[in-house]
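Read the structure below first, then the notes.
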Amino acid sequence: MSAVTDLLQQAVEGLGSGAVYASLALALVLIHRFTGIINFAQGELAMLSTYVAWQLMASGMPFWLALPVTLAVSFAGGMLVERIVIRPVRGAPELTVVIVTVGLFIFVNALAGLIWSFTVKDFPQPFPDGGLDLAGVRVDWSTLGILGVVAVVMGLLYLLFQHTSAGLVMRAVACNPASARLSGIRVGRVLMLGWALAATVGALSGVLVAPVLFLEPNMMGGVLIYAFAAATLGGFDSPVGAVVGGLFVGVAETLTGAYVHVVGEDLKVGVPFVIILAVLLVRPQGLFGRAAVERV
Amino acid sequence: MSTITAALGTDRARRRRAALTALLAAAVAGCVPFYFAPFQVFQLTMVLLYAVALAGLNLLVGFGGQISLGHGAFFAAGAYAAAVMLDRYDTGHLATLPVAAAGCFLLGLAFGVPALRLRGLYLALVTLAFAVFLPPLLKRLEPVTGGAMGLTVDKLQPPAWSGLAEDQWTYFVVLGVTATALLLARNLLRSRVGRALRALRDNESAAEVMGVRLSLHKTLAFAWSAMFAGVAGCLYTWVIGFVSPDSFSSVLSITLLAGLVIGGLASLYGPLLGAAFVMYVPSVSQDLSEAAPGVVFGLLIIAVMFVAPTGLAGLPGRVLGAVASRLPRTTAAPATAAPDRTPEAGPAPSTPSTPADPAVADTEPVGAPPRTERE
Amino acid sequence: NSRRGQDTQDTAAGGACKGQQTTGITDRTIKLGGIYPLSGPASAYGTISKGVAAYFKYVNDNGGMDGRKVQFIVRDDGYQPPKAVEEARRLVEQDKVFAVFQTLGTPSTAAVWDYLNKQKVPQPFVATGASVWGTDTKHPWTTGWQPNYVAEARVYAKYLKDAKPKARVAVLYQNDDFGKDLLGGFEKAVAGSGVKVVAEQSYEVTDPSVSAQMASLARSKADVLLDVTTPKFGSQALAADARNTGWNPLHIVNNVASSAAVLKPVGFKNVQGVVSATYFKDPADPQWANDPEMKAYMNTMHKYAPDTDPANQFNAYGWAVASSLHKALDAMKCPTREGLRDAVRNLKDVKVGLLLPGVTLSTGPGDAFPIETMQLMRFKGERWQLFGKPVDTRKEFGPLTK
Amino acid sequence: MSEPVTDVTEQNFLEVRGLHAGYGQARVLQGLDFSVARGEVCAVLGPNGAGKTTTLRALCGMIRGRGSVTLNGRELLGRSPEQAARLGVAHVPEGRGTFNDLTVEENLRIGAHLRTGSGWRGRARRAVVAADLERIYGYFPRLRQRSRQAAGSLSGGEQQMLAIGRALMPRPALLLLDEPSLGLAPLVTRELFEIVRAVNEEERTTVVVVEQNAQLALDIAHRAHVLEAGRLVLSGPAARIREDGQVAEVYLGVSVRSRKAG
Amino acid sequence: MLAVDGITVRFGGITALDGVAFTVEPGSAVGLIGPNGAGKTTLFNCLTRRCTPDGGEVRFEDEDLLALPPHAVAGRGIARTFQNLGLFPRLTVRENVMVGAHSRGRTGHLAAALRLPRVRREERELRDQADHLLRRLGLAEVADHPASGLPFGTLKRVELARALAARPRLLLLDEPVNGLSHGEVGQFADLVRSVRQDFDLTLVVVEHHMGFVMGLCDKVVCLDFGRKIAEGSPEHIQRDPAVVEAYLGVAA
Ligand SMILES: Nc1ncnc2c1ncn2[C@@H]1O[C@H](COP(=O)(O)OP(=O)(O)OP(=O)(O)O)[C@@H](O)[C@H]1O
Ligand SMILES: Nc1ncnc2c1ncn2[C@@H]1O[C@H](COP(=O)(O)OP(=O)(O)OP(=O)(O)O)[C@@H](O)[C@H]1O
Ligand SMILES: [Mg+2]
Ligand SMILES: [Mg+2]
């Protein structure tokens, strides 16, 4: 194998991780667009949904039936979470809501451990085994599959945000909920919808990555940090940004981990963050984010 | 004129009351270690040292409006500074405190400069990244930090003349440092500097027009708050006698922020309450459920935020307010309580709405202070 | 009525054992405390406490230890050292336990051992394999139990030296005391032989996956992959190895990640021929189904911990370590803390039901590692098959020193 | 008060009875009673801090009140702002409440939310909104020039136009205007009141306007109420209030005009 | 005292200010009028360094104002109020006013933390001065009230007090009387006149209330679409056809 193929192989590996980060980052971006907060529990909710899928399959449901059921359950679950957990602190300072999601994180994580224990569960791979061989570079079908689904979800979200009146309503709610209500927008429903959609996207993310990461209650904990990084780099409002950010973070950390020996695998987490910091210093709103309008 | 003299009168009365409260608190704090079991004294010591870190974070987040999810890193830096000095140079405990403080101050200063460009969420997540990055870095610097195994150092020992047990002596020393730190923070906030900080939190442009130098105050706020976290970390080393990279994971940073918000942002004694929460509630959770303490802990966090959305420090006021507005007439104008609630942006959390119509949640005009908003 | 006065409740023995501490132990009861991560990132290990508790209940149902009923108090430290200190102090000062039986994890254990030794409270059989527990002389009250990571590394080193004397080894390890201890031990043990470490990659427990590291290691084209991981990462590494058809090293997975629960999700067909080493009986392995101790274990778990999966090897670990403590308590000359300390440090070939045949507990002056023998196993079909003789690393490599 | 049932919706289109409202312990409104007939313009006047803004907030559900407020016979109190909006109440709040991150046109489209709902809708709906947009741009040509600009970067007066435009988009049954002339140039202010009059006459929109420029407000109002310290101190036809020199002097400072600002 | 020369500001495609030039004599009061979006606030923003012009020059007492960092403007003796109120909602009224005096304070971070005697002294002085101003503007009652939740008219006065606390020589008022009733406008005008005398102020006022502008100002500048279309005495301006057409409509 030549050095170039090696490099490409590592890059593909990075794209694989990047796709995982991007998938969760999309859910984070979604919730941020709707509610203006960062949701620490996003990864754990995705993990919970994945367990739901696992449970369904364990009771004999085939994957392609379990998936839509799980997505539906997650949609409803997202609504419930908004209604029960988030609604009571609506209007409280933003940080209060963020801390509530931290509480939710701890709760869901422990709950999953309580119900399903911490042993690793096997989760069927929806994509075929093996992969493509492109001039000596091996690309697993699963990587391609995740990338494909992420791209589709990104496209859908882009359409939702930019080309539907629902997207407009959603932005209005995130921007100024009080005025949105005065315009007759049912803010409560919009927020419920936001949580529901985010939970659904999160569930999809969980189901996609579970065969790679292996299902256990802490599956998404590590992903969350990288998904935050991806969303931050991309600009937290933009689905395209989330995906670009995710892939970039994945490739950057993999390549530095593998090739820059001073950094090495142990310190590679620092690399994407240094880059993010550098990007943000130039563009404080992230690569694809919108600058907030400010004037006196 | 009479109103002024009256105001002066109440002012003096208030001051006297404050002095009395302080005296009482000091007396109680002084007696505690002679009454409680050593491990309870230890717990209180931990509460005090976390309170220092939270007070620092409060300067930044509560009063300065900059969110940091990376203060565990400064805490760790302070802890390691102390541990390394004790381990390698045998400097004695007291010498580590100024070094940890100064070191973290400088570190905070260095961080404060890029932080100037970043806002809200972005700053929060970049600082979180720093917290994530620190443990592997500490592991890498093995020759100095002892690597993954960490460092075990001597705890604080009581001098013979004191006649105190180890836990008591440690408690008093930590109490002294904490009191000093809280006093410094309070002084800072009650001055021109503190006002400038709060002003730029509320409205940066207006503050700048008033002559507040944003870069200076924001960076220094970062530095102060890092210093407080570092001091807390140093105390931690004194008390625990052991540091390891995995003790300072990003969870610590998140816990600190959670503690602060739970205790009460921008409140002077919120950090103490938050520290107590962080310290005691996990134990309470496992008393409630051995099978899954995390389930209970998570629920308790959420529950506290429901009951006290502006933090525990605001709770008594909210309760009193709610009672006061209920008492005179049962049908009294549905109030939003919280008379003492810092009138910050956003509506007050609602009093429970009529069950028949759950949609009526917000009771205060959501745009209540719109006029003071930026354009 | 100060609560501080509780110190006075500490009691001392009379008679032959005069002056020794009898806190937490009477003729009828014995109080033990354990500190485990029941919450937080390491909660997967919390289930060890279930196995321990089940064993004590089993013993209590059968008349107790030497007539003493065991009261076992489990506290949660969330894998945070300061919490561990708090809980240790609580156990000692408030609950007045006889011994802190098991602290889990190196950081928590390191955070409390000074305190416990100063208080002269036994800390037997800590649930971590770091080598310090057995080599340190300043902490006579603390002992390890499981084979320390260096010992385990020696087993693999010996195997490779014998079976593949020219092996080029790639190592994937967790970047903490566990991974570093094992890697360091391995490097030391193969030093001077033809076995060479040609690539190493580490990961953090907070990393989402190790696939990037595996891709890096694959570039080395090594003949052997030494996989020093914890369960989830073990599964990931095995799966990554199986996926990569271009690189087929001999995969040695360390004991922590060797349970059937780790291999099953990867698919048994993908882990054929993987090598590991063990020292206690895997509850998921049908070959022990008729083992009397295993039966007792299974029954008790079903009875007292019906929600817990008895096939999880951590539960069995808990049972085995608890029964080891039972043996040590039985061996006490005086029913005192000092008695336990001395008994734990003077074990001679003590057999424990759930340990593999040939694996016994032995300690002595300057050696606080009860188990230093392991046996190699290879995965075949649907289960592990032991092969070779139990390797006593003490004999093969000499005692561990600091 | 027993009026013929048929009149309820005409004479008491908006009926406020014993309205109490406040913030926390601060009780601001101390029992207001007034009614507004359908198609009427009603001016609420009063000195600084009298509770005018609070009244409007209570009417549209932004704060809760006690007593009774009915619109077209339906109780408004206890409803949320969005429910009130769905009953046809449009409110131009103090402080404007524009969506600063959205463009001018997007702001206006949000105003039309009730006419179109959210989601994918047909061409007919789009045509309706387009016509409404044209109407608003007709009222405020300045907004057309700024239609792609973020609302947050508008000048103060432009924002005020936008807020009013947004409230007019859904063709409300009841329009609540809180100091609409705030920050508007004199020419535009006069035009604005013409627009309000036109909207009122052409669409039979009932209007409650809080305005400091009492002169202008009284010019277009049919009826006026003067608030002081949370109570109504004077009510009557606008013309009478305007003529009542003493009242005007005391509560409205109208005569200042003759003093020419000192 | 203040000389604005050829100042131009563009935002993307919009030219908010287009070569505006005028001067302000010491002690005078200049009115700045013009239709909505004419660029009045933008001009203020340039003077207080909230935005940087694309061209032109601003000199204050022969110093190049545009070369100063934003926070230094206050120290030179320029204070302003904001059109949409730029108060600090969570600070009390008194604190708001004390922040106004920030540029006159000297206390640094370290001194503040240690609460040295001179810090106490300065605090006391600032506080007394703030209280004095509050009394003067009839705000003593609400001194301890947080700035949010006060009626609009009161907040306008708080803003004035805050600006005055800086002891400015040049005071920029952006629509100070909008939202006030006629009677209140009169009182406010009296108030401004009296403080102007006492504090020896030079004023630039943006206001749509013609009575207020005409009664107060010595000179009026009218902008339209970023350009100066007229300048002159109030009487002159009121009759200027360009002003009438663009701004006043029928002569007021
Ligand atoms: N968000 C709020 N929180 C607490 N009190 C408030 C709030 N908003 C208004 N108030 C109080 O309610 C009273 C009435 O205020 P309101 O805004 O209704 O007066 P207004 O008549 O509209 O005055 P203005 O003409 O100045 O706008 C005032 O005393 C004010 O302090
Ligand atoms: N940051 C910005 N981005 C884009 N356009 C801007 C920005 N700031 C101001 N403008 C535009 O510049 C023009 C001038 O605005 P400015 O606020 O100076 O007007 P003004 O004269 O104060 O008007 P008003 O009387 O309505 O307050 C306006 O059309 C406004 O939309
Ligand atoms: Mg008002
Ligand atoms: Mg303006």
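Since every read-out is calculated from the coordinates, none of them should be taken as a lab result. What you are looking at is a predicted structure, and each value in this text was computed from that prediction instead of being measured. Cβ sites come from the backbone with ideal geometry, for glycine too, and all protein chains shown count toward neighbours.
A few notes on this one:
- The mean sequence distance of close C-alpha pairs (under 8 Å, at least 6 residues apart), as a share of the length of segment A:3-282, puts its relative contact order at 39 percent.
- Measuring nothing but how far apart in sequence close Cα pairs (under 8 Å, 6+ apart) lie, relative to its length, chain C scores a relative contact order of 17 percent.
- Shielding of C:102-109 by partner chains, average beta-carbon count, 10 Å: 3
- Three-way shape label, segment E:91-163, alpha-carbon gyration tensor, a/c 1.5: prolate
- Average beta carbon contacts from partner chains per residue of D:147-158, 10 Å cutoff: 6
- Remark: mean inter-chain Cβ contacts per residue of C:71-83 equal 5, using a 10 Å Cβ-Cβ cutoff to other protein chain atoms.
- Across segment C:271-315, the mean sequence separation of Cα contacts (distance under 8 Å, 6 or more residues apart), normalised by length, yields a relative contact order of 38 percent.
- Computed from Cα atoms, the angle from the helix C:231-243 axis to the main principal axis of chain C rounds to 10 degrees.
- Under a Gaussian network description of chain C, with springs only between Cα atoms under 10 Å, the residue in C:Trp288, C:Trp133, C:Trp319 that fluctuates furthest is C:Trp288.
- By the Cβ distance rule of under 4.7 Å, the protein assembly as shown has these cysteines without a partner: A:Cys175, B:Cys31, B:Cys104, B:Cys234, D:Cys42, D:Cys60, E:Cys46, E:Cys51, E:Cys217, E:Cys222.
- The DSSP beta bridges internal to the protein assembly as shown are antiparallel in roughly 50% of cases.
- Cα shape, chain A, gyration tensor, a/c 1.5 rule: oblate
- For chain D, the longest site-free run once trypsin sites (Lys or Arg not before Pro) in DSSP loop states with at most 15 other Cβ atoms within 10 Å are removed: D:1-120
- Distances between placed amide hydrogens fall under 5 Å for D:His91 paired with D:Leu176, all partners being 5 or more residues away or on another chain.
- Gyration tensor (Cα) of segment A:4-59, equivalent ellipsoid semi-axes in angstrom: 28, 20, 7
- Of interest is the spacing of the C-alpha centroids, which for segment B:91-106 and segment D:50-83 amounts to 60 Å.
- Under 5 Å from the amide H of D:His225 lie the amide H atoms of D:Ala43, D:Val44, D:Leu45, each residue being 5 or more positions distant or on a separate chain, with H modelled from the backbone and absent for Pro and chain starts.
- Cα gyration tensor, the protein assembly as shown - rounded (a/c under 1.5), prolate or oblate: prolate
- Helix C:313-330 axis, angle to chain C major axis (alpha carbon atoms, nearest 10°): 40 degrees
- Theoretical ellipticity at 222 nm over the protein assembly as shown - DSSP helices of four or more residues, -39500 (n - 2.57) apiece, nearest 500: -16000 deg cm²/dmol
- Gyration tensor (Cα) of segment B:38-262, equivalent ellipsoid semi-axes in angstrom: 30, 20, 14
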